[in-house]
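Q: Quick one: structure below, then a few questions.
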Amino acid sequence: MFQIAIDGHSSCGKSTLARALARELGYIYIDSGAMYRAVTLFFLENRVDLYDQQQIMDNLHKLEVSFVLAEAGNRTLLNGRDVEDRIREMDVAAKVSPVATIPEVRRKMVKRQRELAQNQGVVMDGRDIGSVVFPKAALKIFLTATVDRRVERRQRQLLEQGHVIDYEDILHNLYERDYIDSTRSDSPLMKAPDAIVIDNSNLSPEEQLAICALLARHRLFHV
Ligand code: CDP
Ligand code: CDP
């Protein structure tokens with residue numbers, strides 16, 4: 001079965017692209033970032049000390065991340081509880097990158113990501129999808145945009161969900177996450193050598209989809 005990997009910096013439009021591309025191709029869409037966010041929420045709720053290896057291992061065994069896949073939008077489940085909206089809040093965003101540096105967390109998530117993609121075509125977005133999770137993906141896109149555009153987009157998105165967050169707070173969170181994600185030793189955010197880079201700073205969601213759908217059809221069906 002084919003996999004399409006979409007990696008890149010935070011808030012540049014990866015999920016928007018991956019969701020739309022999956023719909024076009026009749027594939028499932030998996031948001032791997034939602035999985036790291038769900039683990040982070042579990043750790044926050046259970047007051048897990050990120051420097052205590054034993055606590056991390058004990059708690060990792062107690063959590064399961066799954067999805068309700070739906071055309072209208074996937075829902076992320078943490079031990080069966082719908083946490084889709086909760087994991088987008090700023091307290092989770094503030095802690096997710098440190099949690100995602102923990103090798104045991106990554107090992108469990110990567111295993112789960114591969115399981116979810118068994119027997120079906122998948123478009124998955126994240127940071128290490130083309131480099132680690134699916135190194136043989138049929139198409140790898142590395143998406144990026146200027147930091148100003150990314151902050152604007154995230155601010156508008158949060159506002160639509162009823163959260164008014166300062167530009168500076170979002171900017172700080174994006175810089176911090178990009179830095180931690182790119183410099184961690186286990187599976188850092190990086191462009192796979194065979195990934196195609198797209199800067200979507202001046203592209204609408206429709207335009208980025210049109211470009212990537214053409215690339216996907218070419219790779220998958222040789223048209
Ligand atoms: O939506 P946004 O781009 O802001 O982030 P996300 O895709 O929801 O991912 C949240 C965080 O999870 C990232 O900042 C990374 O720290 C981590 N992550 C990761 O380490 N590996 C992935 N494949 C996906 C996300
Ligand atoms: O998944 P990631 O964090 O990379 O970004 P996203 O959640 O897909 O997109 C963040 C926001 O940017 C959403 O509200 C998208 O509608 C918007 N967006 C945009 O305005 N133009 C694009 N070319 C892509 C996304």
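The values are calculated or read from the model by the stated rules, or taken from the named source; none is laboratory data. Bear in mind the structure is a predicted one, so any value in this text is a computation, not a measurement. A quick note on method: Cβ atoms are made from the backbone with ideal geometry, for glycine too, and the neighbour counts reach across all protein chains shown. For the accessible areas, the whole protein counts, side chains as well, though only heavy atoms, and no ligand, DNA or RNA atoms are used. Shrake-Rupley method; radii C 1.70, N 1.55, O 1.52, S 1.80 Å.
Q: Find how many whole Å separate the alpha carbon centroid of the stretch 1-51 from the alpha carbon centroid of the stretch 159-175.
A: When both Cα centres are located, 19 Å separates them.
Q: Considering only DSSP beta bridges whose two residues both sit in the chain, what percent are antiparallel, to the nearest 5?
A: Around 25 percent antiparallel, to the nearest 5.
Q: Could I ask something else about it? With a 1.4 Å probe and every protein chain left in place, work out the accessible area per residue of the stretch 3-220 in Å², rounded to a whole number.
A: Computed with neighbouring chains in place, this is 48 Å² per residue.
Q: In what order, largest first, do M190, M1, M124, M90 sit by accessible area if the probe radius is 1.4 Å?
A: Per-residue accessible area, sorted high to low, gives M1, M190, M90, M124.
Q: Tell me the mean residue ellipticity at 222 nm calculated for the chain from its helices only (DSSP H runs of n ≥ 4, each -39500 (n - 2.57), averaged over every residue, nearest 500).
A: So the calculated ellipticity at 222 nm is -15500 deg cm²/dmol.
Q: Right, next: Take the cross-link list K14/K62; K62/K95; K95/K140; K14/K108; K62/K140 and give me the ones stretching past 24 Å between alpha-carbons.
A: K14/K62; K95/K140; K62/K140
Q: At a threshold of 8 angstrom on Cα-Cα distance, excluding pairs fewer than six apart, so keeping six or more, what relative contact order does the stretch 3-220 reach in percent?
A: Over the stretch 3-220, the number comes to 34 percent.
Q: How large is the charge dipole for the chain, taken about the Cα centre, if only the Cβ atoms of Lys, Arg (+1) and Asp, Glu (-1) carry charge, to the nearest 20 debye?
A: For this selection, approximately 720 debye.
Q: Under 18 Å Cα-Cα from K136, which lysines qualify once same-chain neighbours fewer than 8 residues away are excluded?
A: Those lysines meeting the cut-off are K111, K191.
Q: Please work out the FRET efficiency for the pair A70 and T183, using the Cβ-Cβ distance as r and a Förster radius of 30 Å; give the result to the nearest 0.05.
A: It comes out at approximately 0.25.
Q: Let me ask something additional. Leaving out ligands, DNA and RNA, what percent of the accessible area of the chain is carbon and sulfur, probe 1.4 Å?
A: The value for the chain is 52 percent carbon and sulfur by accessible area.
Q: Starting at 0 and stepping by 5 Å, how many percent of the alpha carbon pairs of the chain end up in each bin?
A: 1, 7, 15, 20, 21, 18, 12, 5, 2, 0, 0
Q: Arranged from highest to lowest average of other beta-carbon atoms within 10 Å per residue, in what order do the peptides 163-172, 29-38, 80-89 appear?
A: Packing order, densest peptide first, comes out as 29-38, 80-89, 163-172.
Q: Could you work out the relative contact order of the stretch 97-178, using alpha carbon pairs under 8 angstrom and six or more residues apart, expressed as a whole percent?
A: Over the stretch 97-178, the number comes to 19 percent.
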